[in-house]
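The structure is given below, and queries will be raised subsequently.
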Ligand SMILES: [Zn+2]
């Protein structure tokens, strides 16, 4: 069972308390962008066997969106953090590196 903690209200709950919003930290492309960049934004997603950065919403709680870093194999959660960030905070990266040395995810490590 995946257990997440909402970084806003502090509630710790099973994944059924939350709603998954897919991959975190997508770089958005709009009008004027190339077809290749827009295609990348619309269709290409990470699907790792390991560390993944995801968007979640506390659907049965405060209703706010946040990001979570977790392992897709073990369901270990390395931390949750504000959705108002463009990259994972250093303490989350350090937590991942401590448990998964050498990990990378897109341009983050
Ligand atoms: Zn909450």
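Over all alpha-carbon pairs of the chain, lay out the pair-distance distribution in 10 Å bins, whole %, shortest bin first.
Final binned percentages: 14, 44, 32, 10, 0.
Once label points are set 7 Å from the Cα along Cα→Cβ at both residue 28 and residue 107, what is their separation, rounded to one decimal in nm?
If labels sit at residue 28 and residue 107, their model points lie 1.8 nm apart.
Using the alpha-carbon atoms, what tilt in degrees (0 to 90, nearest 10) does helix 90-99 show relative to the longest principal axis of the chain?
Tilt of helix 90-99: around 70 degrees.
Right, another one. By how many nm would the segment from residue 72 to residue 98 grow when fully extended, if each residue of separation counts as 0.36 nm and the alpha-carbon distance is taken off?
In short, 7.7 nm is gained.
For the chain, what is the mean residue ellipticity at 222 nm derived from helices alone (per DSSP H run of n ≥ 4: -39500 (n - 2.57); sum divided by total residues; nearest 500 deg cm²/dmol)?
-5000 deg cm²/dmol
Going highest first, how would you order 11-20, 72-81 by mean Cβ packing within 10 Å?
72-81, 11-20
Evaluate the distance, in nm, between pseudo-label points positioned 7 Å from the Cα of residue 38 and of residue 82 along their respective Cα→Cβ axes.
Distance between the two pseudo-spin positions: 3.2 nm.
Using 19 Å as the cut-off for backbone N distance, which residues of segment 44-58 belong to the label zone defined by a point 7 Å from the Cα of residue 1 along Cα→Cβ?
So the set is 57-58.
Readers should treat all values here as calculations from the given coordinates under stated rules, not as data from a laboratory. Values in this document were obtained by computation on a predicted structure and should not be read as measured data. Every residue, glycine among them, receives a Cβ derived from its backbone with ideal geometry; neighbour counts consider all protein chains shown.
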